[in-house]
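Laboratory data are not the source of any read-out in this text; all were calculated from the coordinates shown. Just so you know, these numbers come straight off a predicted model, no measurement behind them.
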Amino acid sequence: MAYSIPECRISPVLFKSLHSHEAKIFCKNLIAARKDARLTQLDVANRLGEPQSYISKIESGERRLDVVEFWRIFKILGKSLEFYFQFDDRQDSFEKKSKTLKAARNKRKKK
């Protein structure tokens, strides 16, 4: 008697929301990694056997990226895993910049 193996339907998605702060930073980091590797969207897509629109949608945040898909792209782009997940550092930098701008505005108002 032959048994069939049920298809695995679990898709470990990197981010629940495509619009979260972290997802946006991840997409920017992905674009930066591709450009640092001097590859176009078409270059990466061709290596993956996908259309260029596949990469475009991932980079724009229009399409979710699961862990396996990310791993395939990661191997092509050649950056460290940490490079893609630099959320805290950039958030801290953004917050510091915002506080500096706010302080500058308040200083101008006092004059």
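Multiplying the sequence separation of Trp71 and Leu42 by 0.36 nm and subtracting their Cα-Cα distance, what value in nm do you get?
Working: separation 29, 0.36 × 29 = 10.44 nm, distance 1.78 nm.
Taking Trp71 through Leu42 to full extension adds about 8.7 nm, to one decimal.
With an 8 Å Cα cut-off and a minimum separation of 6 or more residues, compute the relative contact order for segment 22-78 in percent. Numbers along the way, then the final one.
Numbers: 37 pairs, mean separation 21.8, N = 57.
About 38 percent, as a whole number.
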